[in-house]
Amino acid sequence: MSTTPHLDKPLFSAEEIRTRVHVLADAIARDYGADEILAVSILKGSFVFTADLIRALAAHQVHPLVDFMTLSSYGSSSMSSGKVLLHQELSLPVKGHRVLLIDDILDTGLTLQTACQLLIQKGAREVRTCVLLDKPSRRVVPITADYTGFQVENVFVVGYGLDYNNRYRHLPGLATLKFEVAPGAT
Ligand code: 5GP
Ligand code: MG
């Protein structure tokens, strides 16, 4: 069956996201105090959020070390495959660090759970999690983020770094994507 995705409804504007990111940075800065943070951003979807979050943290005189790991569970469809693949490893040592794991969206929870396990295996002293979006209705593993931007319904979200087949990442705000069956499609 062939479907044509198109942008549906705006969810959060660039301004709403900016305000929320500053609230998250404020909470993180208060919780960590003078302790050093190793921010680990899960690529690709969280690169825009991470960029804004670390600069919002800098406004609170918090300057984390930053590293990236590339994980994927989606492949090229909009349904989670249920299997999380590690495509690119961290480059910084993790041992003894307080890690702030950053992801774009917490859906089934498998990606964040896998990433947390990897970081603990590598000797992280602590792993806290920060997600821009949370879809609690989709959870298959019991995991809650320590810092959450917004909760959303079971919709497919694009923009602000989040993609569908590597498109839509450039959008300044977040919007839902609609999958419509093309007329005459089988
Ligand atoms: P989980 O492993 O929690 O099921 O999925 C998390 C990953 O799936 C996210 O990091 C994100 O890359 C992708 N994902 C889940 N829901 C959405 C969505 O609504 N839109 C986009 N673009 N990606 C999503
Ligand atoms: Mg992701």
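Quick one: what are the phi-derived ³J(HN,Hα) couplings along segment 59-73, Karplus 6.51/-1.76/1.60 with θ = phi - 60°, whole Hz, x for glycine and proline?
Using θ = phi - 60°, the values come out as 5, 9, 6, 10, 10, x, 6, 10, 9, 10, 9, 9, 10, 9, 10 Hz.
Expected output is a single nm value to one decimal: the length gained when fully extending between residue 150 and residue 92, i.e. 0.36 nm times separation in residues minus the C-alpha distance. What is it?
Values: separation 58, 0.36 × 58 = 20.88 nm, distance 2.95 nm.
Full extension from residue 150 to residue 92 adds 17.9 nm.
Based on the Cβ-Cβ distance from residue 36 to residue 179, what FRET efficiency comes out when R0 is 35 Å, to the nearest 0.05? Kindly include the intermediate steps, with their values, before the conclusion.
Working: r = 43 Å, r/R0 = 1.24.
The pair residue 36/residue 179 has a calculated efficiency of 0.20.
Mind grabbing the accessible area of residue 160 for me, 1.4 Å probe, Å², rounded to tens?
Counting only protein heavy atoms, residue 160 exposes about 10 Å² to solvent.
So what's the gap between the Cα centers of segment 1-32 and segment 113-146, to the nearest angstrom?
18 Å
Among the GluC sites (Glu not before Pro) in segment 1-61, which ones are in a DSSP loop with at most 14 other Cβ atoms within 10 Å of the Cβ? Mind listing them?
Those that pass, being in a loop and sparsely packed, are 36.
Taking amide H positions as placed 1.01 Å from N in the peptide plane, with prolines and chain starts having none, which residues 5 or more places from residue 71, or on another chain, fall under 5 Å of its amide H?
Placed amide hydrogens put 43, 44, 87 under 5 Å from residue 71.
P(r) for segment 14-153: what percent of alpha-carbon pairs falls in each 5 Å bin, starting at zero?
Pair shares across the bins are 2, 10, 21, 24, 21, 14, 6, 1, 0.
Extending each Cα 7 Å along its Cβ direction at residue 19 and residue 137, get the distance between those two points in nm, one decimal.
Between residue 19 and residue 137, the simple spin-label model gives 2.5 nm.
Report the Cα-based extents of segment 1-41 along its three principal axes, largest first, to the nearest Å.
53, 24, 11
In Å², and per residue, what accessible area does the chain have when probed at 1.4 Å with the other protein chains present? Mind dumping the intermediate values first?
Numbers: 9490 Å² over 186 residues.
Solvent-accessible surface per residue comes out at 51 Å².
Extending each Cα 7 Å along its Cβ direction at residue 6 and residue 170, get the distance between those two points in nm, one decimal.
Simple spin-label model gives 2.0 nm for this pair.
Name the long-range amide H neighbours of residue 101: under 5 Å, sequence gap of 5 or more, or other chain; modelled H, no Pro or chain starts.
Result for residue 101 returns 40, 128, 129, 130.
Under a Cβ-only charge scheme (Lys and Arg +1, Asp and Glu -1), can you give me the dipole magnitude of the chain about the Cα centre, in debye to the nearest 20?
Working: 18 positive and 19 negative charges, 54 e Å.
So the magnitude is around 260 debye.
Heads up, I need the accessible area for residue 55: 1.4 angstrom probe, whole protein in place, Å², nearest 10.
150 Å²
Would you calculate a helix-derived [θ] at 222 nm for the chain, using -39,500 (n - 2.57) for each DSSP H run of n ≥ 4 and dividing by the full residue count, to the nearest 500? Can you show the working numbers first?
Values: 3 runs with 43 residues, N = 186.
So the calculated ellipticity at 222 nm is -7500 deg cm²/dmol.
Report relative contact order for segment 1-159 in percent, whole number only (criteria: Cα-Cα under 8 Å, sequence separation at least 6). Before the final figure, lay out the partial values.
Values: 260 pairs, mean separation 31.1, N = 159.
20 percent.
Among 71, 53, 85, whose mean-square fluctuation peaks in a Gaussian network model of the chain (Cα, cutoff 10 Å)?
Fluctuation is largest for 85.
The values are calculated or read from the model by the stated rules, or taken from the named source; none is laboratory data. Keep in mind the model is a prediction, meaning the values are calculated, not measured. Glycine also receives a Cβ, built like all others from the backbone with ideal geometry; neighbour counts cover every protein chain displayed. For the accessible areas, the whole protein counts, side chains as well, though only heavy atoms, and no ligand, DNA or RNA atoms are used. Shrake-Rupley method; radii C 1.70, N 1.55, O 1.52, S 1.80 Å.
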